[in-house]
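Inspection log for the structure reproduced underneath, given as structure tokens.
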Amino acid sequence: MSMGARILLVEDDAINLELLDFLVSDAGYETLLARDGMEGVEQARREQPDLIIMDILMPRMDGYEAAREIRRIPELQDTPMIAVTALAMAGDREKIEQAGFDGYISKPIQIKYFLEQIESYLRSRSEAG
């Protein structure tokens with residue numbers, strides 16, 4: 001159903017980006033890669049992906065700011081966005097949601113759960129659309 005979906009991965013750490021790219025590609029999805037929030041916003045605007053997975057702590061523009069920018073783009077207001085973050089302190093979930101993310105996955109990621117989350121967000125989007 002969601003196979004072939006295009007997923008934008010926004011992550012400044014090269015090793016983490018490579019891992020996410022491998023997992024997402026291996027699951028049958030097309031990946032788009034961005035190495036910081038600014039590049040993520042540009043890619044999202046240009047490519048209009050089906051799902052955006054974004055790190056929070058990045059140089060130039062962090063994930064919060066990038067998420068808010070993406071939510072200002074009319075065509076992307078309903079695109080699911082998942083934050084991937086090592087932040088798990090009280091209040092972080094609210095801050096993530098207020099920035100426009102639909103949810104978050106904590107680092108280090110658990111591969112099975114990560115892929116289930118992706119499928120769940122893509123499924124809910126296809127049911128809504």
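The values are calculated or read from the model by the stated rules, or taken from the named source; none is laboratory data. Just so it is clear, the model here is predicted, and its values are computed rather than measured. Neighbour counts are summed over all protein chains in view; Cβ atoms, including those assigned to glycine, are modelled from backbone coordinates with ideal geometry.
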Quiz item: Among the residues of region 1-29, which ones are part of a helix (DSSP H, G or I) and either touching a Pro at 6+ places or on another chain (Cβ under 9 Å) or crowded, with 16+ Cβ neighbours inside 10 Å (or both)?
Solution: Asn16, Leu17, Leu19, Leu20, Asp21, Leu23, Val24
Quiz item: Looking at Tyr29, is it at pLDDT 95 or above and either of a type in the set (A, V, I, L, M) or under 17 Å from Leu9 (Cβ atoms) (or both)?
Solution: yes
Practice problem: Those residues that are modelled with pLDDT of 95 or more and either assigned to a loop (DSSP other than H, G, I, E, B) or over 10 Å from the mean Cα position of the chain (by Cα) (or both), I need them from region 79-95; list them, please. | Solution: Thr79, Pro80
Quiz item: Looking at this structure, is Arg45 surrounded by fewer than 20 Cβ atoms within 10 Å (Cβ to Cβ), touching a residue at least 12 places away in the same chain (Cβ under 8 Å), touching a helix residue (DSSP H, G or I) at 6+ places or on another chain (Cβ under 6 Å) and among the charged types (D, E, K, R)?
Solution: no
Quiz item: Somewhere in region 30-37, is a residue free of Cβ contacts under 8 Å to residues at least 24 places away in the same chain, charged (D, E, K, R), under 21 Å from Gly4 (Cβ atoms) and surrounded by fewer than 17 Cβ atoms within 10 Å (Cβ to Cβ)?
Solution: no
Practice problem: Please find, among Leu57, Leu87, the residue that is farther than 13 Å from Leu8 by Cα and surrounded by fewer than 16 Cβ atoms within 10 Å (Cβ to Cβ). | Solution: Leu57
Self-check item: Enumeration of residues in region 100-124 that are in a loop (DSSP other than H, G, I, E, B) and in contact with a strand residue (DSSP E or B) (Cβ under 8 Å, 6 or more places away or on another chain)
Solution: Gly100, Phe101, Asp102, Lys107, Ile109
Exercise. Kindly indicate the residue of region 54-64 that is of a type in the set (A, V, I, L, M) and in contact with a Phe, Trp or Tyr (Cβ under 9 Å, 6 or more places away or on another chain) and also modelled with the highest pLDDT among those meeting that condition.
Key: Met54
Quiz item: For Pro74, are the conditions met, namely being loosely packed, with under 14 Cβ neighbours inside 10 Å and modelled with pLDDT under 95?
Solution: no
